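Below is one structure, written out as C-alpha cells, with a few remarks after it.
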Amino acid sequence: MSGIKKILLGLLVILIMIQFIHPARNKSGQGMPNDISKMVAMPGDVRGILKKACYDCHSNNTDYPWYTYIQPMHWFMNYHIQSGKEELNFNEFGAYTPRRQQSKLRSIENSLKDGSMPLSSYTLIHRNAILSEAEKSLIINWVQTSKDSFKKESLTNP
Ligand code: HEC
C-alpha cells in the first residue's frame, strides 16, 4: 500500500472511531427560576426570535440539528455553546449582578447592530437564524425598554 493510501485509511479509521464519542448534550430539563423572562416582560415575538437565533448557544437547552450527531460537528457546536453560555445565558440572566445585566443588555444591542451575532458559522447552516432588519429592531427596542425595568428591579432587589 502506498504511503498516501495508508494515511487516508488511517484518517478514515479515526473518523469512524470518533463517531462513538458522544459528549454530554446541553439539555437541562430543569425549571429555570433565573430565566430572563421571569424578570422582565418578554413578548412572544421577542422570545421566538431569541429562541431561533440565540438560544442554541446562550441558554441551557440546545436544539441539536441532525449534523451535530456526526463528529467532529458535535465538538464544534459544543465549543460554541460552552463559550457562548459563559458570556451570556438567557436562562441564568436573573442570577447576574445588576451591573452585569446592564452590560449584557448593551452588548446584545451592539451585537445585533454590528451583525456579529448570531455567529456567521452558525447562520451558514441555520438560515432561519439570519435576522431581518425588522426582527433586529424588534429585539433592540425590547432591550432598550427592558434596560429600565432591570434598573427598577435591581433597586428593589439589590
Ligand atoms: C452558534 C452559537 C451562537 C449563537 C447562535 C449566538 N451566539 Fe452569541 N456568542 C457565541 C459565542 C461563542 C460567544 C463568545 C465568543 C464571542 O464573542 O465570539 C458569544 C458572545 C455573545 C455576546 C457577547 C457577550 C459579551 O459580554 O461580550 C453577546 C451579547 C451575544 N453573543 C449575543 C447573541 C445574540 C443576541 C444572539 C442571537 C441573535 C447570539 N448571540 C447567537 C455563540 C453564539
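Bear in mind that the values in this text are calculations on the coordinates, not laboratory data. Quantities reported herein were computed from a predicted structural model and do not represent experimental measurements. Don't worry about glycine lacking a Cβ; one is built from the backbone with ideal geometry, like all the others, and counts go over all protein chains shown.
If you go through the stretch 97-131 and keep only what is in a helix (DSSP H, G or I), within 6 Å of the ligand (Cβ to nearest atom) and farther than 19 Å from Val46 by Cβ, you end up with just Tyr122.
Is it the case that Ile140 is closer than 16 Å to Val46 by Cα, within 11 Å of the ligand (Cβ to nearest atom) and crowded, with 18+ Cβ neighbours inside 10 Å?
On the way: closer than 16 Å to Val46 by Cα: yes; within 11 Å of the ligand (Cβ to nearest atom): yes; crowded, with 18+ Cβ neighbours inside 10 Å: no.
Judged against the criteria, Ile140 is not a match.
Of the residues examined, His58 is one that is of a type outside the set (D, E, K, R), near the ligand (Cβ under 8 Å from one of its atoms), free of Cβ contacts under 8 Å to residues at least 60 places away in the same chain and crowded, with 19+ Cβ neighbours inside 10 Å. Which of the residues that make up the stretch 81-96 are surrounded by fewer than 17 Cβ atoms within 10 Å (Cβ to Cβ) and either within 13 Å of the ligand (Cβ to nearest atom) or among the charged types (D, E, K, R) (or both)? The answer is Gln82, Ser83, Glu86, Glu87.
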